[in-house]
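Worksheet for the structure shown next.
The values are calculated or read from the model by the stated rules, or taken from the named source; none is laboratory data. On a predicted model such as this, the values are computed, not experimentally measured, just so you know. Glycine gets a Cβ as well: all are built from the backbone with ideal geometry, and neighbour counts include every protein chain shown. Ligands, DNA and RNA are excluded from the accessible area calculation, which covers all protein heavy atoms including side chains. Shrake-Rupley method; radii C 1.70, N 1.55, O 1.52, S 1.80 Å.
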Amino acid sequence: MASVSLTLRICSMFLIFGVSGLGFLTPIWNSQSDLNSSVLKCMKACGAGIMLGLALIHLLPEAHEELVEIFPDFNVAPALAAAGILLVVSIEQ
């Protein structure tokens, strides 16, 4: 049963990587087409929302469980998530 769970997790990681790559490459492929830029902005916003939701809802609690054993006095996982979001926003600006 544990190997099935591990296999599903590994498959889901590659699926997320593939879908993210497809979302990343779509604007590059359509750069010569007449596709409206607002459609591309909407696609980027949806992709960013999915990735942020995935990270905060599914991965953050698991990271917290693992890191609380190493750092019992400090919540490292939420601090790293907040620092990562701050870094991305500051680089975008």
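Using only helices, what value at 222 nm comes out for the chain when you add -39,500 (n - 2.57) per DSSP H run of length 4 or more and divide by the total residues, to the nearest 500 deg cm²/dmol? Walk me through the numbers on the way to the answer.
Details: 4 runs with 73 residues, N = 93.
One gets -26500 deg cm²/dmol as the mean residue ellipticity at 222 nm.
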**Request:** Whenever you get a sec, compute what percent of the accessible area on the chain sits on carbon and sulfur atoms (1.4 Å probe).
**Result:** 73
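Grab the alpha carbons of the chain, take their convex hull, and tell me the volume per residue in Å³. All intermediate terms of the calculation are to be shown ahead of the outcome.
Working: hull volume 10.9 nm³, N = 93.
Dividing the Cα hull volume of the chain by its residue count gives 118 Å³.
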**Message:** Please report, ordered by residue number, every helix of the chain (full DSSP H runs) that is 18 Å or longer along its axis going by C-alpha atoms and whose mean Kyte-Doolittle hydropathy reaches 1.0.
**Reply:** 2-29, 37-53, 76-92
**Request:** Give the accessible surface of the chain per residue, rounded to a whole number of Å², with probe radius 1.4 Å and ligands, DNA and RNA excluded.
**Result:** 83
**Request:** Taking the Cα centre of the chain as origin, work out the dipole magnitude from +1 charges on Lys and Arg Cβ and -1 charges on Asp and Glu Cβ, in debye rounded to 20.
**Result:** 400
